[in-house]
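Encoded as structure tokens, the structure appears first; notes follow it.
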Amino acid sequence: MNRLLIYDISEDRLRAKVADTCKDYGLKRVQYSAFFGFLTQNYVEELQKKIRRLLSDSAGWSIIIFTMSEDNLSKTIEMHKDYRYEESLR
């Protein structure tokens with residue numbers, strides 16, 4: 001399934017580790033604190049465990065993983081000007 005992972009992590013070092021972990025799972029950065037890509041449910045569960053371990057001693061963080069159907073993805077609206085991350089949602 002297509003997944004959109006967003007996070008709010010206050011510590012720079014931990015935020016960078018979570019970003020690297022997202023990339024390790026093949027997710028592409030689409031915003032500063034948002035990653036998108038295809039992940040099976042098993043990989044989502046594995047990713048959750050890795051991120052929880054990374055952030056276990058940290059206070060004040062939030063991560064949300066959205067599941068997006070192909071139908072919802074086809075209705076996505078992207079708006080930007082002179083702004084580009086690694087990949088768009090499509």
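The values are calculated or read from the model by the stated rules, or taken from the named source; none is laboratory data. Only a predicted model underlies this, so the values are computations on that prediction, with no experimental measurement involved. Just so you know, the surface numbers come from the protein's heavy atoms only, side chains and all, with ligands and any DNA or RNA stripped out. Shrake-Rupley method; radii C 1.70, N 1.55, O 1.52, S 1.80 Å.
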Restricting segment 24-52 to residues that are of a type in the set (Phe, Trp, Tyr) and not in a loop (DSSP other than H, G, I, E, B), the residue that is least open to solvent (accessible area, probe 1.4 Å)
Phe35
Take segment 53-68 and flag every residue that is more than 16 Å from the chain's Cα centre (by Cα) and open to solvent by less than 70 Å² (accessible area, probe 1.4 Å).
Ser58, Gly60
